[in-house]
Amino acid sequence: MKVSARWLSKYLDVGVGERELCEVFTSIGLEVEGMETLGTARQETLVVGEIKEIRQHPNADKLSVCMVCVGPDDTRQIVCGAKNFKLNDHVPVALPGTVLPGDFKISKSNLRGVDSDGMMCSGKELGLGEDHSGLLILEKNTPIGACLHDAIDVNWDAIFDLSLTANRGDCLSHIGIARDLAAKLNVALKLPQTHGVEISERERPQGHFLEKISIETDNCGCYSAICVKNIKIGDSPDWMKRDLAAVGVRSISNAVDIGNWVMMETGQPVHVFDAKKIRGNQLTIRQAKDKETIVTLDGQKRVLNGDMVVICDGERPLVVAGITGSIDAEVDGNTADILIESAYFDPDNIRRSAKALNISTESSYRFSRDIDKANIANYGVRVANLMAEICGGEIVAACWKVNNLGEKTVTIDFQPSLIEELCGFAIPLEIAENILTKLGFSIEKLSGEIWKITVPSHRPDITCAPDIVSECLRIYGTDKIPTTPTKSTGIHRESDHSAVFRQNVGNYLSGQGFFESYNFVFRNGNEVENLFGKNSALSMRNPFNADQNCYRNSLIPGLLDAIKFNIQNGNSDIKFFEIGHVVLKIDEKFNECLAVGCVMPTKPLERSWQSVESADFYDVKALVLPILKNFSQGLAPFNPIKVSKVWQLEHAAYCGSLNREKFQATCGFLNVNLTKAFDIKQHVLAAEIVIHPAIFGRKPEKVSHKPFSQFPRISKDLSLIVKLDEPVANVEDKVMKAAQKSISKDVLIESIKVFDVYQGKEIPDGTKNIGLTINYRSNGRTLMDSEIQVAFNAMQSEVEKSYGIRKQS
């Protein structure tokens, strides 16, 4: 939004320079993205002077030495190179200290041995044109010594490019900006007044050009039309051209420019019809028909859809409502009678329609951010008044207003004490009241320190008491928030268990040849529902992107995206890991957990003359176990996955639980159907560890180091027959428990290792044979084979008795 300081001065006395104004804009939440100055800013050292004496410079043929009167008893000697002036001419004089366009600062100087106390200026040097051939000669009646800005129109302006948030549609106008400035600077706001036109809502005004106005869609809440006849199309006045040019709007003709000027003044888009081109003397506001066409003002044929709104006469659509007009009712050089439209259209509908048509106009920009519903007709009258004044037209009848909006005012019961409660400091009540009043709020003081505040129609974004507090603080100034000492306890990174874990795991996986990947935390809701089940992920009410409307509950899909992208781009190193957050439902509540995920192909993609053994489940399990030891020394056994769309059944396993152990690790092959969906032809191994935040709140387990035993170990081999579907890890766990029961206190079970798994001949159907080695050792003595044999036999009996596992004879 471009704003002209010169234009703003029509509504308030700013009283500060452009640099200070930049700071004021920023302080009230209107971010200044850029500023451009035109002409020369007001300076008390830039004055009107009268040439009292002219003589030749003693040392330069082309220079003159002049005595110039710049005020009572103030005559300056100035050296000048121009030749177009004469005695008693009035000219602009820049005294020392003046800064001219181009950051040219005037100071006392010595030119060829003669002192010069200032400079007489040309029009170009003042930014008033391109004429640099001589001095700017002023009228004889311009007062000597007066500030130049008070004596003539110097055409100075400062243009501010403001970045506005979507809720501040009221600031898409000079009056809206001026209102905020008036509240901040505590000055009076001077609003333009309309006159001479009544507003009729009940029936057609007598003499109106239209016989009928019909609103046939809920997307138009209000429509008003004013008739002006006998206008004369021509150029706009210079001041209007200058104002429009300052904000980047091209001047077309007086009738069109007036509509654009009022839009920039008030924020209300208006449309001007050539009344004689309206067929049937009627206008209908309705939904467009699918594939209905219209030729817009840019000469393009547009195909409409049923979601768009059009304004039609008795035969055809003339306007895409709130966006652009058509050539069929365009004002041209032959126009004499006009119809001025001022209306309200649904912001969401305008936004969708403009996007579908790929058209962005000043009108659609304002309608899509909402407008002042209470002054729709009044702003139309403002246009009509200017038409009569500038174009010489005559307003024919009253403004005909068809209103379906009704009288909807928002009132808020407000306790002034809420300001201190929310801000942490008090704003004097008289100042808060003055701020709200200048912003257009009406205040009725009720009993019990309650203010009943009526929200002005131009602020539909204000809906509750905290919004009122925000407005008071915004204008009062966040720079006035008192400084108070705060005490906070810092934490070193090494004291944050989560940060240490992330760093250690990242270093570990990088050392294993993995590349770190950073992926979006949002995924497609349909993908999440298909892979993990309905209501399994936290969905966004208002997502930035329709394809990313759920918070991820797994890192695996994002890592598969990374593999797919790298394969498509010919990269062969596709071992990736990610450490990030996921949101999972635990006990019917969503919890944010830290997760570690990694993926890799079973074989390298790059061809080689050497044969490379394929990676398998045990490789990825071996990758996971050192990570799990960061927060659990004793691990539960891995169990095969029976049901999953992510993991390949019977080729992946999990251990732990987020409810009990506060972590869950899964590793193995990814589901073939999943990798195919990502256009990945290779088998992919993966691992994912999800860690509940409660783990990082625990005190880390103390790690104690013990010396190695100096005594020999005794090994015993055991052959067991178990069910075919019995996991080997479960068997190891059961044997360990039985072995520990059968030994004395000074004997250790150093390890239990599987050395063989067999099924086939001489083994009953539905079973398998597992061979294990059990290693015994003592830290304090040499073990006797006889005592270990006793313990070994007891262990075998315990295994068969407690777990139903029989040994192989």
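The values are calculated or read from the model by the stated rules, or taken from the named source; none is laboratory data. Quantities reported herein were computed from a predicted structural model and do not represent experimental measurements. Cβ sites come from the backbone with ideal geometry, for glycine too, and all protein chains shown count toward neighbours. Each accessible area value is taken on the protein alone, full model and side chains, heavy atoms only, with ligands, DNA and RNA left out. Shrake-Rupley method; radii C 1.70, N 1.55, O 1.52, S 1.80 Å.
Brief remarks on what is shown
- For the stretch 480-513, taking the residues that are without any contact (Cβ under 8 Å) to a residue 60 or more places away in the chain, assigned to a helix (DSSP H, G or I) and basic (Lys, Arg), the one that is nearest to LEU625 (Cα to Cα) is identified as ARG493.
- Residue in the stretch 379-389 that is within 26 Å of ILE199 (Cα to Cα), loosely packed, with under 15 Cβ neighbours inside 10 Å, of a type in the set (D, E, K, R) and free of Cβ contacts under 8 Å to residues at least 40 places away in the same chain present: yes
- Test: residue in the stretch 410-424 that is in contact with a helix residue (DSSP H, G or I) (Cβ under 8 Å, 6 or more places away or on another chain), surrounded by fewer than 19 Cβ atoms within 10 Å (Cβ to Cβ) and among the polar types (S, T, N, Q): yes
- Test result for GLN287, modelled with pLDDT of 95 or more and over 31 Å from the mean Cα position of the chain (by Cα): yes
- Selection from the stretch 348-363 of residues that are farther than 22 Å from ALA225 by Cα and assigned to a loop (DSSP other than H, G, I, E, B): ASN358, ILE359, SER360
- Of all residues in the stretch 334-347, at least one satisfies being part of a loop (DSSP other than H, G, I, E, B) and of a type in the set (Gly, Ala, Ser).
- Looking only at the stretch 343-358, and only at residues there that are among the polar types (S, T, N, Q) and open to solvent by less than 50 Å² (accessible area, probe 1.4 Å), the one that is nearest to LYS301 (Cα to Cα): SER353
- Pair list, Cβ under 9 Å, 6 or more apart: the stretch 745-766 residue under 17 Å from GLU726 (Cβ atoms), other residue open to solvent by 80 Å² or more (accessible area, probe 1.4 Å) and modelled with pLDDT under 85: GLY766/ASP725
- Selection status of ASN542, over 23 Å from ASN673 (Cα atoms) and free of Cβ contacts under 8 Å to residues at least 12 places away in the same chain: yes
- Among residues of the stretch 767-809, those that are farther than 21 Å from LEU724 by Cα, open to solvent by less than 20 Å² (accessible area, probe 1.4 Å) and either polar (S, T, N, Q) or not in a strand (DSSP E or B) (or both), counted: 7
- Strands (runs of 3 or more DSSP E) (entirely within the stretch 82-146) containing at least 2 residues that are farther than 18 Å from LYS62 by Cα: 90-94
- Selection of the stretch 205-258 for residues being among the small types (Gly, Ala, Ser), in a loop (DSSP other than H, G, I, E, B), more than 34 Å from the chain's Cα centre (by Cα) and surrounded by fewer than 20 Cβ atoms within 10 Å (Cβ to Cβ) yields GLY207, GLY234, SER253.
- Against the test of being loosely packed, with under 11 Cβ neighbours inside 10 Å and touching a helix residue (DSSP H, G or I) at 6+ places or on another chain (Cβ under 9 Å), the options ARG474, ARG493 yield a single qualifying residue, ARG493.
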